[in-house]
Amino acid sequence: MKPIVLRGHHLLCVHGFQGMGYSPAFIQKMDEIVKQIRDPKADFPIQVVRGFDDTCMVCPNKGSEKCEADPESEQHVQRLDRNVIDHLGLKEGETYLKSELIAITKERVEPAHLDRLCEGCSWLSYGVCKAGIEQLSD
């Protein structure tokens, strides 16, 4: 099975995703990935990257080489990716099983950590990400 490609910070986003996004295509793609990740019976490979991933491919802010939502966006999303990859102790470009990534996230991430890991993210204020991480420990 070909791995799903997810950028570092999207490893956390998937747990809080509630159907909001940058465009209908982005929302649809994220929803497809989230449903697979939330399916307790499914286990599959996920390649962890710092940069464009499967959801970015349909994002209206995707430029030819970087995120173009605004002049600072690429630097911002790269920082978020690095924060999460480092916090989870993962290696950029490596492939992990979904079950491994969920176990690592459950073990190493608490809702309060998102204030630092996701600092500056426009979605953080909605509270859905923290709620999603909280549900992992239930």
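The values are calculated or read from the model by the stated rules, or taken from the named source; none is laboratory data. All values reported here derive from a predicted model rather than from experimental measurement. So basically every Cβ, Gly included, is an ideal-geometry build from the backbone, and we count neighbours across all protein chains shown.
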* Going through the range 1-37 one residue at a time, which ones are outside any loop (DSSP other than H, G, I, E, B) and farther than 16 Å from Cys59 by Cβ? -> Leu11, Leu12, His15, Gly16, Lys35, Gln36, Ile37
* **Test: Ser99 is outside any strand (DSSP E or B) and free of Cβ contacts under 8 Å to residues at least 40 places away in the same chain** => no
* Asked: Restricting the search to the range 61-87, which residues are touching an Asp or Glu at 6+ places or on another chain (Cβ under 9 Å) and not basic (Lys, Arg)?
  -> Asn61, Gly63, Glu65, Cys67, Glu68, Glu74, His76, Leu80, Asp81, Asn83, Ile85
* To do: Filter the range 115-138 for residues that are under 20 Å from Glu72 (Cα atoms), in contact (Cβ under 8 Å) with a residue 24 or more places away in the chain and part of a helix (DSSP H, G or I) and give the result.
  => Arg116, Leu117
* Asked: So is Lys91 in contact (Cβ under 8 Å) with a residue 40 or more places away in the chain and either surrounded by 11 or more Cβ atoms within 10 Å (Cβ to Cβ) or in contact with a His (Cβ under 9 Å, 6 or more places away or on another chain) (or both) or not?
  -> no
* Of (1) modelled with pLDDT of 95 or more; (2) out of contact with any Pro (no Cβ under 8 Å at 6 or more places or on another chain); (3) surrounded by fewer than 16 Cβ atoms within 10 Å (Cβ to Cβ), Leu97 satisfies all except one. Which? -> (2)
* To do: Output the residues belonging to the range 102-114 that are without any contact (Cβ under 8 Å) to a residue 24 or more places away in the chain, more than 18 Å from Val49 (Cα to Cα) and among the aliphatic types (A, V, I, L, M).
  => Ala103, Ala112
* Matching option when the condition is outside any helix (DSSP H, G or I), under 26 Å from Asp86 (Cβ atoms) and under 11 Å from the mean Cα position of the chain (by Cα), among Asp54, Asp43 -> Asp54
* To do: Starting from the range 1-19, keep only residues that are touching a residue at least 12 places away in the same chain (Cβ under 8 Å) and at negative phi, then list their pairs with residues that are crowded, with 23+ Cβ neighbours inside 10 Å and not hydrophobic (A, V, I, L, M, F, W, C) whose Cβ atoms are within a distance under 7 Å, requiring at least 6 positions of separation or different chains.
  => Val5/Asp53; Leu6/Asp53; Arg7/Asp53; His10/Asp53; His10/Thr55
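Rundown of residues vs (1) over 12 Å from Leu12 (Cα atoms); (2) buried (at least 19 other Cβ atoms within 10 Å of the Cβ), yes/no style:
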{"position": "Gln47", "(1), (2)": "yes, no"}
{"position": "Asp53", "(1), (2)": "yes, yes"}
{"position": "Glu68", "(1), (2)": "yes, no"}
{"position": "Gln75", "(1), (2)": "yes, no"}
{"position": "Leu114", "(1), (2)": "no, yes"}
{"position": "Ser122", "(1), (2)": "yes, no"}
{"position": "Ser125", "(1), (2)": "yes, no"}
{"position": "Ala131", "(1), (2)": "no, no"}
{"position": "Glu134", "(1), (2)": "no, no"}
* Asked: Quick one: how many residues across the range 58-96 are outside any helix (DSSP H, G or I) and not β-branched (Val, Ile, Thr)?
  -> 21
* Structure fact -> Restricted to the range 1-40 and to residues being of a type in the set (Gly, Ala, Ser) and surrounded by 13 or more Cβ atoms within 10 Å (Cβ to Cβ), the residue farthest from Asn83 (Cα to Cα) is Ala25
